[in-house]
Amino acid sequence: MMAYAQIRERIISGEDAPGTLLSENELAHHLGTSRQPIREALMLIAQEGLVEVRPQSGTYVTYLDPDIVAQAQFIREAIEVASLADCARNITPENAAALYELLDRQDTCTTREEFYPLDEDFHRTLLAIAGHETAWATVSNAKGHLDRARYLGLSGYRGITEYAADHRRVLDAILAGDLSAAEDGLRSHLRFILDDVASMRAARPDLFSAPAVPERRTGRPARV
C-alpha cells in the first residue's frame with residue numbers, strides 16, 4: 001500500500017499533472033521497489049478514476065472532470081453534515097482542546113503542502129468523534145477528483161486563511177450547542193469547491209477533460 005499512497009499523493013498534489021504518461025519503470029526506480037507493486041497500485045488508482053489504462057499505449061493521469069467533482073462533493077457533504085449531530089453529542093473537553101490545537105496549527109500554515117494534511121485531520125476527527133470513523137473510507141474512495149480540485153483550489157482561488165476560519169466557526173458552533181449553525185457552516189465550507197472549480201476551469205482549461213461532442217446524426221425525411 002506504500003506505493004499506492006505515494007503515487008496517489010503525486011497525482012493529488014499535481015506533481016503528476018493531468019495527461020501525464022506514467023512509466024512503471026520510472027515509478028519503481030523513484031520509489032525503490034519492483035514493478036509489481038507499482039502495477040498493483042496503478043490498478044487501484046484506476047478504480048478511483050485518477051488514472052486511465054490505455055491498451056498498447058500506457059497509463060495516463062486523467063483530467064479533472066467537473067461532474068465527478070460535483071458528485072464527490074455531494075457524497076462528502078451528505079456524510080459529514082449528517083455526522084455533526086452525533087459529534088455534538090459525543091464531543092468531550094479533551095476532544096475540543098485537541099481540535100483547537102489543530103486549528104492553531106492551521107493558522108500558522110503558509111503553503112498548501114502544510115495545510116492540506118491538517119485540513120484532512122480536522123474533517124476526519126469530527127467523523128471519529130461522531131462515531132463514524134469508518135465513513136471516512138467511503139468519503140476517501142469517492143473523492144479522488146475532489147482531492148485534486150481542492151488541492152489546486154488551495155493555490156489561490158480561496159485562501160488557506162478562509163478555510164481555516166471556516167473550521168473554527170464550525171467547531172465554535174458545535175461547542176455552543178448551535179447544531180443548525182454548525183451544519184450550515186460546514187455545508188457552505190464544503191460547497192466552496194464548486195465555485196473554485198469554475199474559476200480553475202476558466203484559468204487552466206488544460207487540466208480539465210474536454211466536454212463530449214454529441215455525435216451528429218442525419219435526420220430521416222418526415223413521412224407524408
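Would you check which residues across region 71-127 are assigned to a helix (DSSP H, G or I), of a type in the set (V, I, T) and out of contact with any Leu (no Cβ under 6 Å at 6 or more places or on another chain) and list them?
I75, I79, T125
Let me spell it out: the conditions are (1) out of contact with any strand residue (DSSP E or B) (no Cβ under 6 Å at 6 or more places or on another chain); (2) in a helix (DSSP H, G or I); (3) touching a residue at least 12 places away in the same chain (Cβ under 8 Å), and A17 meets all of them except one. Which number is the exception?
Every listed condition holds for A17 apart from (2).
Residues of region 40-59 being outside any strand (DSSP E or B), of a type outside the set (A, V, I, L, M, F, W, C) and exposed (fewer than 15 other Cβ atoms within 10 Å of the Cβ), which ones?
Within region 40-59, the first condition is being outside any strand (DSSP E or B), and the residues that meet it are 40-50, 55-57.
The next check asks that each one be of a type outside the set (A, V, I, L, M, F, W, C); those that pass are 40, 47-49, 55-57.
Those that are outside any strand (DSSP E or B), of a type outside the set (A, V, I, L, M, F, W, C) and exposed (fewer than 15 other Cβ atoms within 10 Å of the Cβ): E40, Q47, G49, P55, Q56, S57.
Pick out the one residue from E120, E94 that is surrounded by fewer than 20 Cβ atoms within 10 Å (Cβ to Cβ) and modelled with pLDDT under 95.
Numbers: E94 fails: modelled with pLDDT under 95.
Exactly one of E120, E94 is surrounded by fewer than 20 Cβ atoms within 10 Å (Cβ to Cβ) and modelled with pLDDT under 95, namely E120.
Which of (1) over 24 Å from V69 (Cβ atoms); (2) in contact (Cβ under 8 Å) with a residue 60 or more places away in the chain; (3) part of a helix (DSSP H, G or I) is the odd one out, the single condition T138 does not satisfy?
Evaluating T138 over (1) over 24 Å from V69 (Cβ atoms); (2) in contact (Cβ under 8 Å) with a residue 60 or more places away in the chain; (3) part of a helix (DSSP H, G or I) leaves (1) as the failure.
The values are calculated or read from the model by the stated rules, or taken from the named source; none is laboratory data. All values reported here derive from a predicted model rather than from experimental measurement. Please note: Cβ atoms are built from the backbone with ideal geometry, for glycine as well, and neighbour counts cover all protein chains shown.
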